[in-house]
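The values are calculated or read from the model by the stated rules, or taken from the named source; none is laboratory data. Here the structure is a predicted model, which means the values were calculated and not measured. Ideal geometry is used to build each Cβ from the backbone, glycine not excepted, and the neighbour counts take in all protein chains shown. Areas reflect the complete protein model, heavy atoms only, side chains present, ligands, DNA and RNA absent. Shrake-Rupley method; radii C 1.70, N 1.55, O 1.52, S 1.80 Å.
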Amino acid sequence: VFQGGNVEVVGKVKANNIGSVFTRWGNATAPEGTTLLYSGFGFSGYYNRSGSGANPICVKAGDPGAPGPGSLYGDLLYPLGTGDARRMPPGIPAKTEIKCAVSYAEGPSFEMWGSDTCPTGWRAAYTGYGMGNYYLREGQLNRHCVDNIAFDSSVANPNWGAIWEGTVLRANTDVGIYETDRYVKCALCVKDQ
């Protein structure tokens, strides 16, 4: 009912287009119940340099862009791969390029850390383990949840550029409620609609 310039709503209203966009790391397909926007491979700054951005990005293939500056360089992106076999969580092989899928979910989404079970009213679009830069490396590289159940290891990464290692919970004696030296579970949770 419309009255005097204000809108009065009687009953329930469901807004459209209130979803979220997220990146699935480790696989180039959209999780079930979501829509694929594009897929490609992860790229970020070189693992042992302090320049470039800390946020890994999913780069779609097929549009080469304009020619670059050659030896003048710039904000350089390197393929994002998994690192040493000694530092890989279960289900994620070493020295493999990390595929990615930018996906749309009809509801809100978030990365959950410390569990692969989403809260009530939410579902896991995918589950996995946290991965980020090795703690002694100079380069900055934000950590994310990587799918270990459906990880696509079809492309090897023999030439390291940007590298993710398994995220390990350490030195928790101050808190005392976590087990130390454990890979951190995670999930990409999507709100039930």
Which distance in nm do the two modelled labels at Tyr104 and Ser20 give, with both placed 7 Å along the Cα-to-Cβ direction?
1.7 nm
Mind listing the long-range amide H neighbours of Glu165? Cut-off is under 5 Å, sequence gap 5 or more, other chains count too, H placed in the peptide plane at 1.01 Å from N.
Gly132, Asn133, Tyr134
With every protein chain left in place and a probe of 1.4 Å, what is the accessible surface of Ile177, to the nearest 10 Å²?
130 Å²
Once the piece of chain linking Ala61 and Thr117 is laid out straight, how much longer is it, given 0.36 nm per residue of separation minus the C-alpha distance between them?
16.9 nm
Simple spin-label estimate for Thr29 and Ala156 in nanometres, 7 Å along Cα-Cβ
2.5 nm
Relative contact order, percent, of the stretch 59-115 when contacts are C-alpha pairs under 8 Å separated by at least 6 residues?
23 percent
